[in-house]
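To start, the structure itself, in structure tokens.
None of the figures in this text is laboratory data; all of them are computed from the coordinates on show. These numbers were taken from a predicted model, which means no experiment stands behind them. FYI the Cβ positions are ideal-geometry reconstructions off the backbone, even for glycines, and counts take in every protein chain you see.
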């Protein structure tokens, strides 16, 4: 399987659920729409991705299976064993927020809650796993911000609990979290959080930014960089954790392989190796969709045993 399949699989796994529109944005410059559907169909056939009904809508979302989590992350990360209902809508909203933030030129890394190592959370944020994180890199260095997405109004107790945890986080200078972005579902909810911070948690003001989803495209350029038309390179990186501090390395790399390669190598009655041999000519044919891959992928080769066992091309 080509590198773009792996890139797409990582995006679906990191966000927990994605719409077709979100996948199209993430894959901008890497493949055309027809190729995206073909790659998605391949991942579904391999039982790595499942299609689920979109809560309250006529469209669908695509979610990772347990096999995909095991393949990419091994056993050391929090598992998403099946989102439904409001959790699906929340996952979609978090994906929207992080994908939007990925447009900024200073954003050099992103990670969702499913990529945050449980053993390192306490060194990053006090008793709180954020919905996501972003790494900002500019002339002064690199630092990491937490991202919280609040679609609907929470109880006052819930809001104060979240804000208190970040107050403790910022008071502890040994913590790795340098700031907080709260993405509110609408203007009213944004105003609720801003009022709470100003009235009860004024010390959070310097480290906390409260915006709506629409306002994510208007953040200050001096802090976040230029807002670009498509996703940034940060989507091509995965977070690696150590003592509460994430570092980001390329998803596609000769120095990195899957945590678990024991996934069933049989695909549609053929071994992946047999299927790969049978499809050699087809893989080498000119396909305008598949030729439009990002230049990054041409510089890296995945371990062949992984490709043969899991990601052989299928019809």
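Data overview
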| read-out | value |
| --- | --- |
| Global size of the range 3-250 as Cα Rg and Dmax, reported in angstrom | 17.6, 53 |
| Inter-label distance, nm, simple model (7 Å from Cα along the C-beta direction), residue 41/residue 24 | 1.8 nm |
| Gain upon complete extension [residue 52, residue 165; 0.36 nm per residue less C-alpha separation] | 37.3 nm |
| Residues 147, 211, sorted so that the one with the fewest Cβ neighbours within 10 Å comes first | 211, 147 |
| Alpha-carbon spread of the range 95-156, three principal axes, descending order, Å | 39, 27, 21 |
| Neighbour-count order for 136, 209, fewest beta carbons within 10 angstrom listed first | 209, 136 |
| Exposure proxy order (Cβ contacts within 10 Å, fewest to most) of 213, 23 | 213, 23 |
| Separation of the residue 32 and residue 173 label points, Cα + 7 Å toward Cβ, nm | 5.7 nm |
| Efficiency of FRET between residue 158 and residue 66 - r from beta-carbon atoms, R0 30 angstrom, step 0.05 | 0.50 |
